[in-house]
Amino acid sequence: MPHVWVAEPAEAEHVARLLVAFRDFYESAWPSDNAFLAGVEGLIEEPRTTQYLLGAVDADSAPAGVVQIRFRHSLWTGTEDCWIEDVFVTGTARGAGLGRALMDRALELARERGCGRVELDVDDVNAAARGLYESLGFREKHGGCAVLALPLQG
């Protein structure tokens, strides 16, 4: 049974290692390993705005999955919004229910904080992730709204 928990500052290296593996999954070389670690070390100290979840296939296994969650106040809803920025499960842990367990815990945290909405983005080619998110109730935004990105670096 998957085991999921909120990462503590002392676990920043586990979080960064998994985010580097996520980067490598997309065959990218940027950001650097050190940049990931430095970024995680800074953000993990700010649980009001950023939280990381770690997950393992069972309570006795090493972390094999990560979720980065961002929180911000929305003037439009008058509540906090939750942005699920990164979700990654290592290849050897896929199929064990870890992705669902991580997402379930992320949604539970958003509800506990009173978030009015939860948003994320997913690559069109990632059918497995898209299927998971849709099974949890996520739907594509319609009505003229789209998530757009403008890369300023890289």
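Here is how the numbers come out for the structure above:
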{"quantity": "Counted residues, segment 1-57 - those being of a type in the set (A, V, I, L, M), outside any helix (DSSP H, G or I) and over 17 Å from R94 (Cβ atoms)", "calculated": "4"}
{"quantity": "Answer residue from segment 89-112, given it is aliphatic (A, V, I, L, M) and over 16 Å from P47 (Cα atoms) and is most open to solvent (accessible area, probe 1.4 Å) among those", "calculated": "A96"}
{"quantity": "Residue match in segment 10-24 (condition: over 24 Å from A129 (Cβ atoms), buried (at least 16 other Cβ atoms within 10 Å of the Cβ), touching a residue at least 24 places away in the same chain (Cβ under 8 Å) and of a type outside the set (D, E, K, R))", "calculated": "yes"}
{"quantity": "Selection status of V122, out of contact with any strand residue (DSSP E or B) (no Cβ under 8 Å at 6 or more places or on another chain), of a type outside the set (S, T, Y), surrounded by 14 or more Cβ atoms within 10 Å (Cβ to Cβ) and modelled with pLDDT under 95", "calculated": "yes"}
{"quantity": "Count - residues of segment 49-84 that are open to solvent by less than 10 Å² (accessible area, probe 1.4 Å), closer than 18 Å to E8 by Cβ and touching a helix residue (DSSP H, G or I) at 6+ places or on another chain (Cβ under 7 Å)", "calculated": "9"}
{"quantity": "Residue in segment 77-86 that is closer than 14 Å to V4 by Cβ and assigned to a helix (DSSP H, G or I) present", "calculated": "no"}
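The values are calculated or read from the model by the stated rules, or taken from the named source; none is laboratory data. This structure is a prediction, so every number in the text was calculated from the model and none was measured. Backbone-built Cβ (ideal geometry, glycine too); neighbour counts: all protein chains shown. For accessibility, only protein heavy atoms count, side chains too; no ligands or nucleic acids. Shrake-Rupley method; radii C 1.70, N 1.55, O 1.52, S 1.80 Å.
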